[in-house]
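Throughout, read-outs are computed from the coordinates displayed, never taken from laboratory work. Fair warning: this is a prediction, and the values are worked out from it, not measured in the lab. Virtual Cβ from ideal backbone geometry, glycine too; neighbours counted across all protein chains shown.
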Amino acid sequence: QVHFVESGGALVQPGESLRLSCLASGFTFHDAVIDWHRQVPGKQRQLIARINGGAFYTYYDDSVRGRFTISRDNAKNSAYLQMNSLRPEDTATYYCNSSPLRNWGQGTQVTVSS
């Protein structure tokens with residue numbers, strides 16, 4: 001069965017950094033495109049970053065481009081999201097998934113507040 005386990009979320013102040021981790025299981029990770037999404041209550045889940053299996057292609061939403069970096073370690077079935085220069089508007093629950101989508105994990109909460 002497919003599982004995604006996200007971790008690393010926290011309460012931080014504006015301008016600080018966080019690194020989120022995603023541990024995946026139940027499918028051939030190194031072949032899969034991996035996405036990071038985020039969701040704010042009352043709004044649709046938003047795709048913010050993508051990385052292909054070989055890690056030579058990445059995509060970022062305009063809202064995070066230049067501040068966030070997606071990466072992966074296929075040997076560990078893991079993906080990461082390095083988030084720098086965090087803003088209050090980055091406050092959300094962050095999820096990883098593959099493309100095409102599989103089961104959703106529980107997500108990890110990021111709160112940016114002074």
Item checked: FRET efficiency, 1/(1 + (r/R0)^6) with R0 22 Å, evaluated for SER63 and ARG102 via beta carbons -> 0.35
Next item on the list: Kindly work out what percent of the DSSP beta bridges joining two residues of the chain are antiparallel, to the nearest 5.
Entry: 95
